[in-house]
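Asker: Once you've had a glance at the structure underneath, I'll fire off some questions.
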Amino acid sequence: MRSALHRPDIPILAVASVVLAAGIVSPPLFGMVLATAVVAGIAFLAVRFPTWFCVAWLLVTGMSLEMTLHDLAGDETYQPAIAVIKGIEICLGIVCMIRFGVKQDLLCPVWAFPAMFVCGWVHGLYPGLTTVDSLRSTVGSAAPFVFCLSRVPRSWANAMIRATQWCPLMAVVASVPLALSGLRPLFVESGGARLAGLGHPAFLAGVCLPAIYACLIQLYREGRRGDLWLLIVNSVILILTGARAPVAFAVAVTGISLLTLRSTVFAVRDRIMLVLAVLAVVPLLAVLAGDLEDVRLFNVVLNETGNLSGRSLLWPWFEDAATGSPWFGWGVGAGNAVIPADGRIARMLHTWAAHNEYLRIEVEGGVFGGTLLIGLFVAWVIVHTRKLRPSDRRIMRLAFLALAGHAFTDNVLISTPACVLFAFATAVFARRRGE
């Protein structure tokens, strides 16, 4: 006979009986018991099918739904939405640890954030930053790395890499119904038309980068035409976002990979034809550039090459704050308190973030925190890519070099696209163990 553990109808009937009994005995308890039963049911399914839940989470995170909620429901939904996304990631990370085992990754950059929290708390937090706020920021900063602490299997890794490839296209396709209904535009105006999808153009660009890296890795592994087309589609989406730095780094990583890496499944002829096709389009775009000024990327290149999009107004505030505590910083989360959220600059630029991770870490962790974080990143990437197959190793190292450069102009560690990037990196590293 099959045991009760192998009969899913038995626990379902038991839970239904408890909910029904609660409704009969005490109607006010019915809602609470029902909600508890639903949460327990979702948790049960997540433990049974962690890979599918992680894939669904990755696709939703890549859509940057917090921006959609911000536009449709107001400012007060933005931070809670991010907290929910990262909270779900932490819960799924714990589920993966339970199902697949815990991995002692002592070089993971995640350890830098609790160290900076302790140093900031001992030294003294930034004026206006509470211990609870700093602890919450520490958890939020560590969340993107949570999967690194689990021994995820090869099947999980393959599924997450495939999902990463589809994230940008899913975000754009899912935004079309909202655009057609007039609830939210597909393109936003910011120095020219920029493709936003369900989120912000910069966030969509941040998701395009790991998607492009994933396509490159799969192309050099399997040489499938579908991966090539996804690479082209993701590149077009990235260009339409008008995000200059991500476009530059994507071009660099893709170009170097296509021209220098060998592959037995991705023929040299196909790679050269792809590069030549792109080079052939460049003169055409140069001729049409004057007619394409409505597209943000062309407008900036032609008319506002030196425009830092307000960063020159943000950075001096963080530089001044960093000089007040140069060695150990002001604690994790201080970067959110440097510029008043209701001040003139925040209202004008619609942000109070540093848009420079080196400056933010300098404020939050000082010389100690910045050195520790960068040192862990370098060691983590070198150690985990050392045993990858040559194409994977070269692409991932180029990707992290691009991340280091991108960190000068964007929040690449704390935004939701960072969750996609580091989940993808974890998958690539984990697949090596499975092979």
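Asker: Take T305 and decide whether it is at pLDDT below 70 and open to solvent by 80 Å² or more (accessible area, probe 1.4 Å).
Answerer: On the way: at pLDDT below 70: yes; open to solvent by 80 Å² or more (accessible area, probe 1.4 Å): yes.
Yes.
Asker: Going through I256, I237 one at a time, which residue ends up being in a helix (DSSP H, G or I), in contact with a strand residue (DSSP E or B) (Cβ under 9 Å, 6 or more places away or on another chain) and at pLDDT below 95? Can you show your working first?
Answerer: On the way: I256 fails: in contact with a strand residue (DSSP E or B) (Cβ under 9 Å, 6 or more places away or on another chain).
None of the others qualify; the one that does is I237.
Asker: Further question: Testing G128 on (1) on the phi > 0 side of the Ramachandran plot; (2) open to solvent by less than 60 Å² (accessible area, probe 1.4 Å), one condition comes back false. Which one is that?
Answerer: Among (1) on the phi > 0 side of the Ramachandran plot; (2) open to solvent by less than 60 Å² (accessible area, probe 1.4 Å), the lone unmet condition for G128 is (2).
Asker: While we're here: Mind checking which residues of segment 200-236 are closer than 17 Å to G255 by Cβ and aromatic (F, W, Y)?
Answerer: The answer is Y213, Y220.
Asker: If I filter segment 211-234 down to residues being of a type in the set (K, R) and either open to solvent by less than 10 Å² (accessible area, probe 1.4 Å) or in a helix (DSSP H, G or I) (or both), which single residue comes out as farthest from S391 (Cα to Cα)? Outline the logic, then answer.
Answerer: First, pick out the residues of segment 211-234 that are of a type in the set (K, R): 221, 224-225.
Now restrict to residues that are either open to solvent by less than 10 Å² (accessible area, probe 1.4 Å) or in a helix (DSSP H, G or I) (or both): 221, 225.
Working: R221: 8, R225: 18 Å.
It comes out as R225.
Asker: On to the next question. Tally time: how many residues in segment 379-394 are buried (at least 16 other Cβ atoms within 10 Å of the Cβ) and not in a helix (DSSP H, G or I)? Step through it out loud before you land on a result.
Answerer: If we filter segment 379-394 for residues that are buried (at least 16 other Cβ atoms within 10 Å of the Cβ), which is where we start, we get 380-381, 384-385, 388, 391-394.
Remaining after also requiring not in a helix (DSSP H, G or I): 388.
Looking only at that region, the number is 1.
Asker: Mind checking which residues of segment 408-435 are open to solvent by less than 10 Å² (accessible area, probe 1.4 Å) and small (G, A, S)?
Answerer: Hits for segment 408-435 are A418, A423, A425, A427, A430.
Asker: Now for a separate question. Please list, ordered by first then second residue, the pairs with beta carbon atoms under 6 Å, 6 or more apart or interchain, first in segment 54-83 and touching a residue at least 24 places away in the same chain (Cβ under 8 Å), second open to solvent by less than 60 Å² (accessible area, probe 1.4 Å) and of a type in the set (S, T, N, Q).
Answerer: Taking only residues 6 or more apart or on different chains, the pairs are T61/T416; S64/T416.
Listed here are the residues, each with its yes/no results for (1) within 21 Å of the chain's Cα centre (by Cα); (2) assigned to a helix (DSSP H, G or I); (3) at pLDDT below 95; (4) surrounded by 18 or more Cβ atoms within 10 Å (Cβ to Cβ).
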| residue | (1), (2), (3), (4) |
| --- | --- |
| A112 | yes, yes, no, yes |
| V118 | no, yes, no, no |
| A142 | yes, yes, no, yes |
| F147 | yes, yes, no, yes |
| S175 | yes, yes, yes, yes |
| R194 | yes, no, yes, yes |
| A202 | yes, yes, yes, yes |
| L209 | yes, yes, no, yes |
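Asker: Quick one: would you say V265 is of a type in the set (A, V, I, L, M), in contact with a Phe, Trp or Tyr (Cβ under 9 Å, 6 or more places away or on another chain) and open to solvent by 30 Å² or more (accessible area, probe 1.4 Å)?
Answerer: Details: of a type in the set (A, V, I, L, M): yes; in contact with a Phe, Trp or Tyr (Cβ under 9 Å, 6 or more places away or on another chain): yes; open to solvent by 30 Å² or more (accessible area, probe 1.4 Å): yes.
In short, yes.
Asker: Let me ask you something else. Step by step: first the residues of segment 72-92, then only those that are under 25 Å from G182 (Cα atoms), part of a helix (DSSP H, G or I) and of a type in the set (G, A, S), then the one that is farthest from the chain's Cα centre (by Cα). Which residue is that?
Answerer: A73
Asker: Can you tell me which residues in segment 313-352 are within 17 Å of G370 (Cβ to Cβ), surrounded by 14 or more Cβ atoms within 10 Å (Cβ to Cβ) and among the small types (G, A, S)?
Answerer: Across segment 313-352, the qualifying residues are A321, A322, S325, G329, G331, G333, A334, G335.
Asker: Using beta carbons and a limit of 7 Å, which pairs, at least six apart or on different chains, have the first residue in segment 225-236 and closer than 16 Å to V275 by Cβ and the second one in a helix (DSSP H, G or I) and of a type in the set (G, A, S)?
Answerer: Listed by first residue and then by second, the contacts come to S235/A250.
Asker: So the check is Cβ under 7 Å with 6+ separation or different chains; which pairs have a first residue in segment 371-399 that's without any contact (Cβ under 8 Å) to a residue 24 or more places away in the chain and at negative phi and a second one that's in a helix (DSSP H, G or I) and polar (S, T, N, Q)?
Answerer: Pairs found: R393/T385; R397/T385.
Asker: Here is a follow-up. Here are the criteria: (1) under 23 Å from the mean Cα position of the chain (by Cα); (2) among the hydroxyl-bearing types (S, T, Y); (3) modelled with pLDDT under 95. Tell me which single one T426 does not satisfy.
Answerer: Checking T426 against (1) under 23 Å from the mean Cα position of the chain (by Cα); (2) among the hydroxyl-bearing types (S, T, Y); (3) modelled with pLDDT under 95, the one that fails is (3).
Asker: Given the options L372, L376, name the one that is touching a helix residue (DSSP H, G or I) at 6+ places or on another chain (Cβ under 6 Å), under 15 Å from W111 (Cβ atoms) and open to solvent by 40 Å² or more (accessible area, probe 1.4 Å). Even if it seems obvious, please write down each step before you answer.
Answerer: Numbers: L376 fails: open to solvent by 40 Å² or more (accessible area, probe 1.4 Å).
Selected residue: L372, the only one of L372, L376 that is touching a helix residue (DSSP H, G or I) at 6+ places or on another chain (Cβ under 6 Å), under 15 Å from W111 (Cβ atoms) and open to solvent by 40 Å² or more (accessible area, probe 1.4 Å).
Asker: Moving on. Quick one: is I98 over 22 Å from A322 (Cβ atoms), among the β-branched types (V, I, T) and at pLDDT below 95?
Answerer: Details: over 22 Å from A322 (Cβ atoms): yes; among the β-branched types (V, I, T): yes; at pLDDT below 95: yes.
Judged against the criteria, I98 is a match.
Asker: Which of the numbered conditions does A404 fail, given that it passes all the others? Conditions: (1) within 18 Å of the chain's Cα centre (by Cα); (2) surrounded by fewer than 21 Cβ atoms within 10 Å (Cβ to Cβ); (3) more than 24 Å from I82 (Cα to Cα).
Answerer: Against the list (1) within 18 Å of the chain's Cα centre (by Cα); (2) surrounded by fewer than 21 Cβ atoms within 10 Å (Cβ to Cβ); (3) more than 24 Å from I82 (Cα to Cα), A404 comes up short only on (3).
Asker: A further question follows. Restricting the search to segment 94-105, which residues are open to solvent by less than 80 Å² (accessible area, probe 1.4 Å) and either polar (S, T, N, Q) or under 14 Å from V55 (Cβ atoms) (or both)?
Answerer: Narrowing segment 94-105 to residues open to solvent by less than 80 Å² (accessible area, probe 1.4 Å): 95-97, 100-101, 103, 105.
Matches in segment 94-105: V95, C96.
Asker: Look through T77, T68 and report the one residue that is modelled with pLDDT under 95 and touching a His at 6+ places or on another chain (Cβ under 7 Å). Reasoning before the result, please.
Answerer: Values: T68 fails: touching a His at 6+ places or on another chain (Cβ under 7 Å).
Going through T77, T68 in turn, just one is modelled with pLDDT under 95 and touching a His at 6+ places or on another chain (Cβ under 7 Å): T77.
The values are calculated or read from the model by the stated rules, or taken from the named source; none is laboratory data. Computed from a predicted structure; not experimentally measured. Because the Cβ atoms are built from the backbone with ideal geometry, glycine has one as well, and the counts that use them run over all protein chains shown. Quick note on the areas: whole protein, heavy atoms, side chains included, nothing else; ligands and nucleic acids left out. Shrake-Rupley method; radii C 1.70, N 1.55, O 1.52, S 1.80 Å.
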